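First comes the structure, then the notes that go with it.
The values are calculated or read from the model by the stated rules, or taken from the named source; none is laboratory data. These numbers were taken from a predicted model, which means no experiment stands behind them. Ideal geometry is used to build each Cβ from the backbone, glycine not excepted, and the neighbour counts take in all protein chains shown. When the accessible area is computed, the model is the full protein with side chains, heavy atoms only, and any ligands, DNA or RNA have been set aside. Shrake-Rupley method; radii C 1.70, N 1.55, O 1.52, S 1.80 Å.
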Amino acid sequence: MDYNASLDKALQALHDEGRYRVFTDICREKGAFPHAVWTRLDGVKQDITVWCGNDYLGMGQNPVVIEAMERVLQVAGAGSGGTRNISGTTVFHKELEDEIADLHQKEAALIFTSAYIANESTLSVLPKLFPDLVIFSDELNHASMIEGVRHGRCEKHIWRHNDLEHLRELLESVDKDRPKLIAFESIYSMDGDFGPIKEVCDLADEFNALTYIDEVHAVGMYGPRGGGVAERDGLMDRIDIINGTLAKAYGVMGGYIATTAKMADAVRSYAPGFIFTTSLPPAIAAGAAASVRYLKEHQELRDAQQAAAKTLKLRLKAMGLPVMDNDSHIVPVLVSDPVKCKRLSDQMLEEFGVYVQPINFPTVPRGTERLRFTPSPVHTPEMIDNLVTSLDSLWKHCRLSRVSLAG
């Protein structure tokens, strides 16, 4: 067996398809977000503007968050020292879980090192807690949800994206007395569209199913206190398990579930992904708690972010660029060609200092490659002007088609 030859073949296949990923080394500057410094391959440093980050509200630079982390770093040191069961549970982890439970108006919360781990761990352990469980999963669910369902090794049904009639058909096909769980998202991050939360909850009530929602791209961003789309729509009480992240709108790191005390207790007691993982550093937990607490009271950041997203969508649509329609804060522009998508990304960075990464397979289906922009409250009108000008110029250069403005 020639192992190197196999690796060469696998990597070359990515190059041939135009979807080989290259890391861009940047240094975010505290207090200057969304500005950053990019170190080019030739060693030259270039000022850039980050347009593809998930720090949606700039909370990773917020002085309240940084102060909390610095303070606890001096108090508790760098690491947690163990798993949650063996010395890795501190007062700072408890404080964070209390803040999250309060945010979602649930009895309890359980924090993980990432939302990916929270999804995978929880969804994979539920079939152990509910023997003969059947999981119904939206076809566009995140990879972490897919992996969790797969590792749960229970019966599963994939329902067409947001297709409630198809979900109903699948629910009707299963014995009414079997335990069931419907897993879906509030915002699908690559298209920016919303899941039909109320309608899914109605079906769950009708068929006596549990509900599991991924609010990763919505927590901090929607609802009067940042509880997500379910809070905005007054539906949090109808969701059994809410998954969220502390690494996007909250600007720090970590993931969680919010649920009943009994469900959280069972997951923490049975899920290997929780039991055998070193817990978050105390300083990270403290910073995340400060961010959650801060955003409960600062609606103006959510309003400014939504306004920036709306402005950018209107500007890009006015040029006839194929912006994928949605009502969320995410601005995807369809390129539909992996090579041209990568070229656009590279040229925007090198020539205009606009940093946006290409999104391609397997994150999105082949033929739907795109640039995904995430405006924030601190992206200025001048930054938007630079982005629009650069994309307009390079779109022509790449000979990409536009949408008819008359249509």
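Where both bridge residues fall in the chain, DSSP classifies roughly 60% of the beta bridges as antiparallel.
Charges were assigned to the Cβ only: +1 to each Lys and Arg, -1 to each Asp and Glu. The resulting dipole of the range 43-166 about its Cα centre is roughly 440 debye. Inter-part distance, the range 201-269 to the range 77-92, computed on C-alpha centroids, equals 25 Å. Qualifying chymotrypsin sites (Phe, Trp or Tyr not before Pro) in the range 253-333, where qualification requires a DSSP coil assignment and no more than 14 other C-beta atoms within 10 Å, comprise PHE276. When the range 292-407 is described by a simple charge dipole with +1 on each Lys and Arg Cβ and -1 on each Asp and Glu Cβ, the residue from PHE352, VAL335, PRO377 located farthest towards its positive end is VAL335.
What whole-number value in Å² describes the accessible area per residue of the chain for a 1.4 Å probe?
Working: 18230 Å² over 407 residues.
I get 45 Å² per residue for the chain.
Based on DSSP H segments of at least four residues, each scored -39500 (n - 2.57), the chain has a per-residue ellipticity at 222 nm of -13000 deg cm²/dmol. Close amide H contacts of ILE182 (hydrogens built in the peptide plane, cut-off under 5 Å, sequence separation of 5 or more or a different chain): PHE136, LEU210, THR211, TYR212.
For chymotrypsin sites (Phe, Trp or Tyr not before Pro), the sites in the range 1-110 that DSSP calls loop and that have at most 11 other Cβ atoms within 10 Å are PHE23.
Please label the shape of the range 183-299 as rounded, prolate or oblate, based on the square roots a ≥ b ≥ c of the eigenvalues of the alpha-carbon gyration tensor (a/c under 1.5 means rounded; beyond that, a/b larger than b/c means prolate, else oblate). Don't skip to the end; give the middle numbers.
Details: a/c = 1.91, a/b = 1.17, b/c = 1.63.
Oblate shape, in that a/c is at least 1.5 and b/c is the bigger or equal ratio.
Placing +1 on the Cβ of every Lys and Arg and -1 on the Cβ of every Asp and Glu, with no other charges, gives the range 212-255 a dipole of roughly 180 debye about its Cα centre. Taking a Cβ cut-off of under 12 Å around PRO338, the surrounding Lys, Arg, Asp and Glu residues balance to a net charge of +3, with basic ones at +1 and acidic ones at -1. Normalised by residue count, the chain yields a Cα convex hull volume of 171 Å³ per residue.
Working note: Karplus 6.51/-1.76/1.60 with θ = phi - 60° gives the range 50-67 the couplings 7, 10, 10, x, 9, 7, 4, 10, x, 6, x, 10, 5, x, 5, 5, 5, 4 Hz, where Gly and Pro are set to x. Rounded, prolate or oblate: which one fits the range 109-214, using the alpha carbon gyration tensor with axes a ≥ b ≥ c (rounded when a/c is under 1.5, else prolate when a/b beats b/c, else oblate)? Oblate. Computed from point charges on the beta carbon alone (+1 for Lys and Arg, -1 for Asp and Glu), the dipole magnitude for the range 304-407 about its Cα centre is near 320 Debye. The fraction of accessible area contributed by carbon and sulfur in the range 285-407 is 54 percent, rounded to a whole number (1.4 Å probe; ligands and nucleic acids excluded).
Counting other C-beta atoms within 10 Å, and keeping those with at most 14, which DSSP coil trypsin sites (Lys or Arg not before Pro) do you find in the range 2-75?
Details: sites: LYS9, ARG19, ARG21, ARG28, LYS30, ARG40, LYS45, ARG71; in loops: ARG19, ARG21, LYS30, ARG40.
The qualifying sites are ARG21, LYS30, ARG40.
Rounded to the nearest whole Hz, the Karplus-based 3J(HN,Hα) values (6.51 cos²θ - 1.76 cosθ + 1.60, θ = phi - 60°) of the range 137-143 follow the sequence 10, 4, 5, 9, 4, 4, 4, with x at glycine and proline.
Using Cα pairs under 8 angstrom and six or more residues apart, how large is the relative contact order of the chain, in percent? Walk me through the intermediate numbers first.
Working: 788 pairs, mean separation 86.8, N = 407.
This gives 21 percent for the chain.
Database remark: amide H of PHE373 closer than 5 angstrom to the amide H of VAL331, VAL333 (H placed geometrically; neighbours at sequence offset of 5 or more, or on other chains; Pro and chain starts carry no H). Of PHE136, PHE33, the order by accessible heavy-atom surface (1.4 Å probe, DNA, RNA and ligands excluded), from most exposed downward, is PHE33, PHE136.
With both labels modelled 7 Å from their Cα along Cα-to-Cβ, the ARG21 to GLU67 distance reads 3.7 nm.
Is the shape of the range 211-280 best called rounded, prolate or oblate, per the rule: a/c under 1.5 gives rounded, else a/b larger than b/c gives prolate, else oblate, with a ≥ b ≥ c the square roots of the Cα gyration tensor eigenvalues? Mind dumping the intermediate values first?
Details: a/c = 3.03, a/b = 1.36, b/c = 2.23.
The shape class here is oblate.
Each residue of the range 2-7 was assigned a 3J(HN,Hα) from its phi angle through the Karplus curve 6.51 cos²θ - 1.76 cosθ + 1.60 (θ = phi - 60°); the sequence is 9, 5, 5, 5, 5, 5 Hz, with glycine and proline shown as x. Close amide H contacts of TRP159 (hydrogens built in the peptide plane, cut-off under 5 Å, sequence separation of 5 or more or a different chain): SER137, ASP138, GLU139.
For the range 220-259, which whole percent of the accessible surface, found with a 1.4 angstrom probe, sits on carbon and sulfur atoms?
Details: 480 of 980 Å².
Carbon-and-sulfur percentage of accessible area, whole number: 50.
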